[in-house]
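Rule-based calculations on the coordinates, nothing more; no lab input. Just so we're clear, the structure is a prediction, and the values are computed from it rather than from any experiment. Counting neighbours? That spans all protein chains shown, and the Cβs are built from the backbone with ideal geometry, glycine included.
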Amino acid sequence: MTERRQRIIDRAHVILGLGGESALTIERLSREAEVAPRTIYRLFNDKEGVILATVTERFQEVRNHIAARKVDYCIENVFAELDWMVSEMRRDLEYGLIVVGFFFSQNPRKEAIRELGSVAYNRFRNWMDREIRAGHTVKDLDLEQLAQEHVSNEYVVYHRWAAGLVDDERCKLELHAAFLKSAILVLAEPTRSAYVGLLADIQRGLGLSAIGAAASTNRRQRDAGEDFNGRTDNA
């Protein structure tokens, strides 16, 4: 990597961390990184390419940090890693919001989705490989496909956090629950029942959400689009 390219990425990290995506412009980045705009376009094509480069570098750092710990992927360590991810996103809030927004982009770049999903995928795959070795998994499902699908399930929770629908602590619990829901599909008995019990405990701990408390049970009104909140009569 050339010195200029790294300098551009480093400065983009700072700008994104301070002000989010809207703060990053090619003009500002050119000025603060002390390079010509044409150099940025030549190296990254466009603003989104710059963001992708910063995200890629950040996720490489996260993967390296996690790999260096060499943890055994029991469910307790999975939960601990998920909690750490939420703490990291809170520590670097603007960047965390960018990551979530990039994942749900209407015109996603394949390389971006692969990079953004790498940490969630590796976590689930490492846990699953441990369970396969222990003989705890089912034999008639495409386990690799389930591991890839779990990535989206995890990001749905991050999206709720980014939208301000859940705080950090609830986000952690919802991530635990999302992991268990995917894990249950993979596991055979009796391990599966133990995970169902864990999931039930977490769901009880989450309690009744504002949405759940207000949800209508009146099908006619829901079908007619008249009421989606709080009606429990059968009229």
Q) Nearest 20 debye, what's the magnitude of the dipole of the chain about its Cα centre given +1 on Lys and Arg Cβ and -1 on Asp and Glu Cβ? A) 400 debye
Q. Farthest toward the dipole's positive end in the chain, which of L180, A134, N122, given Cβ charges of +1 (Lys, Arg) and -1 (Asp, Glu) about the Cα centre?
A. N122
Q) For the chain, modelled as a Gaussian network with Cα springs under 10 Å, which listed residue fluctuates most, A120, A224, A33? A) A224
Q) To the nearest Å, what is the center-to-center distance of the stretch 151-174 and the stretch 67-101, using C-alpha atoms only? A) 12 Å
Q) Amide H of T137: which non-local residues (sequence gap of 5 or more, or other chain) have their own amide H closer than 5 Å, using H built in the peptide plane? A) A188
**Q.** Crossing angle, helix 93-103 versus the chain [Cα axis fit, 0-90 degrees, rounded to tens]
**A.** 80 degrees
Q | HN-Hα J in Hz across the stretch 163-169 - Karplus 6.51, -1.76, 1.60, θ = phi - 60°, x for Gly and Pro | A | 7, x, 7, 9, 8, 4, 5
Q: Could you pull the Rg and Dmax for the stretch 69-206, using just the Cα atoms, both in Å?
A: 15.0, 43
Q. R0 = 41 Å: FRET efficiency of F104 with A68, Cβ-based, nearest 0.05?
A. 0.85
(Q) Pick from H136, H13, H65 the residue whose mean-square fluctuation is largest in a GNM of the chain, springs joining Cα atoms under 10 Å. (A) H65
Q. Once the other residues with Cβ under 14 Å from the Cβ of D168 are scored (Lys, Arg +1; Asp, Glu -1), what is the net sum?
A. -1
Q.
On a straight-distance basis, which lysines could pair with K139 in a cross-link, Cα separation under 25 angstrom, same-chain partners fewer than 8 positions away excluded?
A. K181
**Q.** Which label in (i) -0.22, -0.36, -1.01; (ii) -0.25, -0.41, -1.13; (iii) -0.31, -0.50, -1.07 gives the computed log10 I(q)/I(0) by the Debye sum over Cα atoms at q = 0.07, 0.09, 0.15 Å⁻¹
**A.** (iii)
Q.
I'd like the distance between the alpha-carbon centres of the stretch 1-48 and the stretch 119-148, rounded to an integer number of Å.
A. 39 Å
Q | Ellipticity estimate at 222 nm from DSSP helix runs (n ≥ 4, -39,500 (n - 2.57)) divided over the chain, nearest 500 | A | -23500 deg cm²/dmol
